[in-house]
Amino acid sequence: MVSSTEGSARVATSLKGPLLRYRVLAYATGVALLCLTVAVILKYGFDSPGMLSWAGVTHGIFYMVYLVVAVDLALKARWSIKGTILVLLAGTIPFLSFVAERSVTHRVEAGQKL
């Protein structure tokens with residue numbers, strides 16, 4: 001019989017690759033969203049649109065890849081639909097992708113479902 005710690009260690013090992021990909025994309029998406037937020041503030045607050053042209057595209061590309069990677073992890077970790085949707089939306093609110101990344105990492109490493 002497999003103990004619960006061995007079972008959770010096996011789950012964490014099998015999800016190591018998807019979790020690492022998710023973490024990298026969560027940070028990249030969060031940083032890109034912060035850059036986009038600064039660009040919007042500069043454009044509308046100080047009439048300086050220079051940064052907005054690349055910041056929006058960068059965040060858009062990172063967010064699309066983030067969605068794919070997060071869904072991949074959600075399917076492999078057997079998350080609930082509600083938990084998956086909340087994690088997917090975390091890439092649209094500044095700073096929330098960092099918070100979601102920490103929560104997801106702790107839960108996946110502990111073998112808990114989201």
Residues of the range 1-48 that turn out to be surrounded by fewer than 16 Cβ atoms within 10 Å (Cβ to Cβ), over 16 Å from the mean Cα position of the chain (by Cα) and modelled with pLDDT of 80 or more, as a count: 10
Mind telling me which of the residues His59, His106 ends up being assigned to a helix (DSSP H, G or I), over 12 Å from the mean Cα position of the chain (by Cα) and surrounded by 17 or more Cβ atoms within 10 Å (Cβ to Cβ)? His59
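The values are calculated or read from the model by the stated rules, or taken from the named source; none is laboratory data. Just so it is clear, the model here is predicted, and its values are computed rather than measured. Counting neighbours? That spans all protein chains shown, and the Cβs are built from the backbone with ideal geometry, glycine included.
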